[in-house]
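Written below as C-alpha cells is the structure these notes are about.
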C-alpha cells in the first residue's frame, strides 16, 4: 500500500497566515479547512463552551448577509460550510464547486473577519445546546460519558472542560463573553488555511491574500497547554441515573500525545485491544460473556497527552461483572502482551482501513491542517505504512507498558442507578457521587488527582 501526501505549496502571508494549496483535479470541487489555534483553550475556566458557541455563530450572519442569507447562498451554490471547535483549535470547513471558489473565499473571509455575532442567535444556539445535553441525559447518557470521564480524570486541566459546554456554563454565557473571545482569540497568525481540489494554485493564492492579508494579529499568543499530571491510583465517579436499566461505564487514564513516536505500534495494539469487533475487549464483554452489546477503547492525542479510555455498558445487575471483566482484560493485555500472529491480523486490518480516510480533497485538507497544527511533518503520512509493517512484538510490548495503564491506576465513571450499583462500583476505589441532573459535568470540589471533601 502506498499513501503519500500529494504535491502542495505552503505560503506564509506577511501577517502570519499559513496558506497551504493542494491541486487535485480529479473532480471539479474545492475543499477548505481553516484552523484557528486556540479553540477551547481560550475559554475562561468558568465559561467552557464559549468557543463552541462562537464557532456556531460564524455561520449565523457575516459580512452583509444575515443568518438566513448566508445559509441561502451556501445552499444555492450547492456548497457546504460548517464550524466547530476542539480543545486546541476552532475549525471552519466546507466544500464548493470549483467555479464558486471566489464565493467560497468571500464567505470564509466574512465568517472569520466580519461575523455578526448576533445576540439573538447566541441565545438560540445556547438554548439549543442545553436542550441537546438534556435530551442526551434523558435518552442516551452514553453520548456524554466521555465528557464526565475527562472532567473526572483531568480536573482543572483544559482537557477536563466540556468543549461544548455544560447546562450551567452555556446559560451564563452572554454576548460580551463572545465579543471578548473573538477580540482575543481571532487573528491572522492563528490561522492555518488549506485549500485543496480543482484549483490554479497561483490564482487562488492571490485571492486568499486579497481576502486575509490585512487581517491583524491577535493581541496575545494562544495559551500554553500544560502537560497533564500522570494518573495514579484508582477512584470512581458514580453519576446517579435513578431507574436506569443499564450502567454505562468509562475507564480511563492519561495516555500519549500526537507526537508519540510509536504511533504505528499504538494503533495496532489498540486495534487488538478494543478497536474492532473481534478485539479482546469486545470479545470478552460481548461475544463470549454476552454482558454487553459492545466495548471499545481509544486514545485522544493532542499537543500534550490526552486520555486513554475504554467504554461499554451492561444491564444494571451485571455492573460489577462487566467492570471486573473489562479491568481483567486490560490487565491481561499488560501481562500477556500480543503475539506475532495477532499483530499480523491487526496490520492487515489497519492497512486496509488507512487509505479510505485519505481519498478526497476534503480528506487531504483536513490531514494537512492537522499536520501543520501539531508540527508533525510529512513523514506522519508518508512513512506510516512502512512503520506499520515494521512493528514487532518487542515494540508492541513497549507500547503496552508506556501507553496502556495498569488496571489499578485508572479513573472509573459509571452512569446508572446509584441505589443498585453503588456497592459494585465501590469495589474499585473511593467513590464520589453526583446526579445526572446536575448542570455541570464535574463536582466543584474534585480536581485532578486531589479530592477534597
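A short reminder: the numbers here are calculations on the coordinates, not readings from a lab. From a predicted model like this one, the values you see are computed outputs, not experimental measurements. Cβ atoms come from the backbone with ideal geometry, glycine included; neighbour counts cover every protein chain shown.
General observations
- Taking every C-alpha pair closer than 8 Å and separated by at least 6 residues, the mean separation divided by the residue count of the chain gives a relative contact order of 24 percent.
- DSSP-defined beta bridges in the chain - what % are antiparallel, rounded to 5: 75
- Taking all Cα pairs closer than 8 Å and separated by 6 or more residues, the relative contact order of the stretch 235-451 comes to 41 percent.
- Taking the stretch 131-152 and a reference point 7 angstrom along Cα→Cβ of residue 171, the backbone N atoms nearer than 15 Å belong to 131-135.
- Order of 335, 8, 231 under a 10 Å beta carbon neighbour criterion, fewest first: 335, 8, 231
- FRET efficiency, 1/(1 + (r/R0)^6) with R0 30 Å, evaluated for residue 293 and residue 394 via beta carbons: 0.25
- Using a cutoff of 8 angstrom between alpha carbon atoms and counting only pairs six or more residues apart, the relative contact order for the stretch 237-359 works out to 31 percent.
- Projecting label points 7 angstrom from Cα along Cα→Cβ for residue 139 and residue 11 puts them 4.7 nm apart.
- Neighbour-count ranking [beta-carbon atoms within 10 angstrom, fewest first] of 409, 442: 409, 442
- Order of 93, 102, 206 under a 10 Å beta carbon neighbour criterion, fewest first: 206, 102, 93
- In terms of its C-alpha gyration tensor, the stretch 9-212 comes out prolate, because a/c is 1.5 or above and the ratio a/b outweighs b/c.
- Against the chain, whose longest principal axis is taken from its Cα atoms, helix 67-76 shows a tilt of about 80°.
- Each eigenvalue of the Cα gyration tensor of the stretch 235-451, multiplied by 5 and square-rooted, gives one semi-axis; in descending order these are 33, 21, 16 Å.
- When the Cα convex hull of the chain is projected onto planes of every orientation, the mean area is 21.4 nm².
- Helices in the chain, meaning DSSP H runs of at least 4 residues, each add -39500 (n - 2.57). Divided by all residues, the mean residue ellipticity at 222 nm is -12000 deg cm²/dmol.
- Set of the stretch 260-304 residues, backbone N closer than 17 Å to the point 7 Å along the Cα-Cβ line of residue 315: 285-294
- Helix 263-274 axis, angle to the chain major axis (alpha carbon atoms, nearest 10°): 50
- Note on residue 433/residue 225: beta-carbon distance plugged into 1/(1 + (r/R0)^6) with R0 of 30 Å gives a FRET efficiency of 0.50.
- Global form of the stretch 333-418, assessed from the alpha-carbon gyration tensor, a/c cut-off 1.5: oblate
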